[in-house]
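To keep things clear, I will list the structure first and then write my remarks on it.
Please treat every number below as a calculation from the coordinates, not as lab data. No experiment lies behind these values; they were computed from the predicted model shown. For neighbour counting, all protein chains shown are included, and Cβ atoms are generated from backbone atoms with ideal geometry for every residue, glycine included.
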Amino acid sequence: MKLSNEWFTALSEDEAGHLVTVSGRDELTEFIQSGKFKERAEITWKYEGDDKGMPEDELAEKMETVQETLQKAMEKDKLSILTGVYTGAGEKVWVYYTRTVRVFGERLNEALAPFELLPISIYTEVDPEWEEYLDMYEMKQWAVD
């Protein structure tokens with residue numbers, strides 16, 4: 001299975017009408033069909049947003065560095081795959097599908113060890129049908145260039 005780095009970006013709103021930018025990964029059919037990634041892990045970073053609910057530039061850069069560090073660590077042997085990133089309404093959420101939540105957690109701690117303690121929370125769920133991803137993927141039809 002070859003992991004592409006093709007992404008789309010769409011704009012959405014949360015329940016309160018705040019703008020949320022959605023970045024979704026494309027070309028994951030082989031990974032979904034493999035049946036090996038049955039668990040979903042969501043990492044949420046809450047922040048004080050600007051008047052549009054987006055992170056200030058300095059924080060956005062730090063979040064980008066964290067994202068790159070995590071993605072490199074998680075995807076190096078295809079343990080976990082970053083499938084979506086939501087930013088807006090005072091939070092950033094990274095969605096991974098993983099082979100095992102236990103090892104995901106261990107690798108998360110290793111990857112983030114060089115950073116100061118981050119204000120993140122982690123939620124995991126068994127999602128063998130990739131329901132969250134497929135719901136998010138429907139937004140591709142509204143992708144912005």
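Assorted remarks:
- Cα→Cβ-extended label distance, 7 Å offset, between residue 60 and residue 121, nm: 2.5
- Environment charge of residue 126, counting only residues whose C-beta is closer than 12 Å and scoring Lys/Arg +1, Asp/Glu -1: -4
- Here the average projected area of the convex hull drawn through the C-alpha atoms of the stretch 16-72 stands at 5.7 nm².
- Computed 3J(HN,Hα) for the stretch 34-47, one whole-Hz value per residue from the Karplus formula 6.51 cos²θ - 1.76 cosθ + 1.60 where θ = phi - 60°, is 5, x, 8, 10, 8, 10, 10, 10, 10, 9, 10, 10, 8, 8, glycine and proline marked x.
- Projecting label points 7 angstrom from Cα along Cα→Cβ for residue 110 and residue 143 puts them 3.3 nm apart.
- Net charge of Cβ neighbours under 9 Å - reference residue 99; Lys, Arg +1; Asp, Glu -1: +2
- In the calculated pair-distance distribution of the stretch 1-121, the portion above 18 angstrom amounts to 53 percent of the Cα-Cα pairs.
- Residue-averaged 222 nm ellipticity for the chain, from DSSP H runs of 4+ at -39500 (n - 2.57), nearest 500: -9000 deg cm²/dmol
- Qualifying trypsin sites (Lys or Arg not before Pro) in the stretch 40-113, where qualification requires a DSSP coil assignment and no more than 14 other C-beta atoms within 10 Å, comprise 52, 76.
- Evaluated with a Cβ-only charge set (Lys, Arg +1; Asp, Glu -1), the chain carries a dipole of roughly 780 debye about its Cα centre, given to the nearest 20.
- For residue 86, net neighbour charge (Lys/Arg +1, Asp/Glu -1) across residues whose Cβ lies under 11 Å away: -3
- Relative contact order of the chain, pairs being alpha-carbon contacts under 8 Å that are 6 or more residues apart, as %: 34
- Dipole in debye (nearest 20) - the stretch 1-66, about Cα centre, beta carbon charges: Lys, Arg +1; Asp, Glu -1: 580
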